[in-house]
1. Pull up the range B:131-144, narrow it to residues that are in contact with a Leu (Cβ under 7 Å, 6 or more places away or on another chain) and either closer than 17 Å to B:Thr70 by Cβ or of a type in the set (Ser, Thr, Tyr) (or both), then point me to the one that is surrounded by the most Cβ atoms within 10 Å (Cβ to Cβ).
2. Looking only at the range B:142-153, decide whether some residue is in the same structural domain as B:Leu75 (by TED's automatic domain parsing), charged (D, E, K, R) and closer than 19 Å to B:Lys105 by Cβ.
3. Sort through A:Thr80, A:Thr100 and tell me the only one that's closer than 24 Å to A:Arg142 by Cβ and either among the hydroxyl-bearing types (Ser, Thr, Tyr) or within 9 Å of chain B (Cβ to nearest Cβ) (or both).
4. Here are some residues: A:Ala74, A:Ala141, A:Ala107. Which one is surrounded by fewer than 24 Cβ atoms within 10 Å (Cβ to Cβ) and among the small types (Gly, Ala, Ser)?
5. Before we move on, is A:Gly113 surrounded by fewer than 17 Cβ atoms within 10 Å (Cβ to Cβ), over 15 Å from A:Ala74 (Cβ atoms) and touching a residue at least 40 places away in the same chain (Cβ under 8 Å)?
6. For the range A:138-156, check the following and say yes or no: at least one residue is in contact with a helix residue (DSSP H, G or I) (Cβ under 6 Å, 6 or more places away or on another chain), among the β-branched types (Val, Ile, Thr) and away from chain B (no Cβ under 14 Å).
7. Give me a count of the residues in the range B:8-37 that are in a helix (DSSP H, G or I) and in contact with a strand residue (DSSP E or B) (Cβ under 8 Å, 6 or more places away or on another chain).
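The values are calculated or read from the model by the stated rules, or taken from the named source; none is laboratory data. This one's a predicted model, so the numbers in the text were calculated from it and none came from an experiment. Glycine gets a Cβ as well: all are built from the backbone with ideal geometry, and neighbour counts include every protein chain shown.
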Amino acid sequence: MISLKKNFNIAQFQSLIALFVLCLALALLTDNFMTTDNFWNVMRQISVNVCISVGMTLVVLTAGIDLSVGSILAFCGAVTAGLLKNGLSIPSLNLFIGFTVLGAIVAGFLIGGGLGFVNGYAVTKFKVPPFVATLAMLTMARGFTMLWTKGHPITGLGDSFGFLGTGWFLGIPMPVWISGIVVITAVILTSKTRFGRYIYAIGGNENASRLSGIPINKVKIWVYSIAGLLAAVGGVLVTARLDSAQPNAGISYELDAIAAVVIGGTSLSGGRGTIWGTVLGAIIIGVLNNGLILMNVSPFWQQVIKGMVILLAVIIDKSNQKSE
Amino acid sequence: MSTKPTEAMNNKAIKYGIGVVALALVGYNSIYIQPLDQKLAENQQTVFNAKAYVDGIWNQDLSKAYQDCTDISQLIDSFNQDVNSTFEKNSHALGIGNIGYFRVKGEGIVSAVNENNVLLQVGSSIIEIETEFIFGNALRDASGLVKINDYEDTADFNSISEALNDRIRQEVIPSFRSKVKEGDSVKFEGAIELNKVHLNLDQLEVIPFTLQISS
């Protein structure tokens, strides 16, 4: 019993220990890692991944997966930028609808939530495996992005919108504030609400949850919608940071999000994991990326190393499950 | 006992009321509506018109710039002596990269009329005058007249190249293509793009600004 308890405690803190070791190694190996500028640089860079990883965590906790977040991010960023810059013209009614920054962002969020809802609906009502449903959405959303942007970036979005991606408030970059709000909301949602308990219950044992009267389909649709919404938040952050909506934004972001979730200790079979773990996972990936760049490691080797870290995290997770 | 359902209903009404007010506030601050024709008229006043800009500089500044350009044979000789100083003296560039744009002029004998270009024998060199693929920023950047920092929106800056290339495609190329034949003597002014690191002088590709058949 004592040994089991010890294992459990170590497993709980393994991401934190990994991050500490990583930071220590980078501080010794590079000159610029332990500087304030680099700290905020890393935090700004991981903000987008934190947002989409939080959504991914909720999906993975229900034993699902969402491969479409990168494409949804691109589409929502493009919609927000397009509406902000060009508005909507309806020639048949001789009507022009202009969008303020708030309006364009709300529209982007609604599109993200809507596409997430379609994912959830396909998974629950048509029993399409999450992998397939969201893979289809990945392709569709990328196509929508190309159609909306005609393959060209949308640029020149204005200072007030750009502030969301590049501005500072009380000495902290805006993307960090936004991702922080997302994280705290998700932590409250998963740990203090009935909805959060339902998510864990469904991922732990779906049949038992159904028999207990949990509205599984409703919860899953909400979870996929939230994942879509958070991808849209990421899309707005990316677009604001670059002052440009790129049609090829967000490619392979879903893999970084899954990596953050897995490294953070969330079980891919569902029912186990925390938002804080995912945040740590995202920070580890961000620090790893930053450290490899500071050490002038080739981008090709960076991919290999990131893949190995993810594999190692899954192996450790599996061995923890066995010991539990 | 009878007050509980009423209380619940009141709470629900308050919740819905707050929701509707919040939605109305968000909606009010999110969009504005105006007649499309009025918006289009406003846009015409504020949107950068690249075609009008090109029309404005075509006869004066641009023509003057392209008349004042380096003879292509001299440029090739200069490259053979010192690449770096030739780039420094003669090229225009947007940034700090290896690409430079040069205004050139010359006269040569048509050695071939191909589907996409016309080849000229200029001294001992073969020069390729582009007649089909008039793309890129060579004409704009070689002119040295247009600076990127003058434009807040890079799309506006890029649209100048599009307008310039369009005008060349529509006004310069058709009359030249319809008359040119092998053996003709052709005078040209135009722009070339060269990479300092991978310099290839074998068959320079000229985007023409003027083309004149002299026999």
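1. My answer is B:Leu139.
2. Checked against the condition, which is being in the same structural domain as B:Leu75 (by TED's automatic domain parsing), charged (D, E, K, R) and closer than 19 Å to B:Lys105 by Cβ, the range B:142-153 yields no hits at all.
3. A:Thr80
4. A:Ala107
5. no
6. Within the range A:138-156 (the criterion being in contact with a helix residue (DSSP H, G or I) (Cβ under 6 Å, 6 or more places away or on another chain), among the β-branched types (Val, Ile, Thr) and away from chain B (no Cβ under 14 Å)), the answer is yes, since at least one residue qualifies.
7. Going through the range B:8-37 one residue at a time, the tally reaches 1.
Every residue, every condition in (1) surrounded by 11 or more Cβ atoms within 10 Å (Cβ to Cβ); (2) more than 14 Å from chain A (Cβ to nearest Cβ); (3) of a type in the set (Phe, Trp, Tyr), yes or no:
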{"position": "B:Ala41", "(1), (2), (3)": "no, no, no"}
{"position": "B:Asn49", "(1), (2), (3)": "yes, yes, no"}
{"position": "B:Trp58", "(1), (2), (3)": "yes, yes, yes"}
{"position": "B:Leu62", "(1), (2), (3)": "yes, yes, no"}
{"position": "B:Ala65", "(1), (2), (3)": "yes, yes, no"}
{"position": "B:Ile76", "(1), (2), (3)": "yes, yes, no"}
{"position": "B:Phe87", "(1), (2), (3)": "yes, yes, yes"}
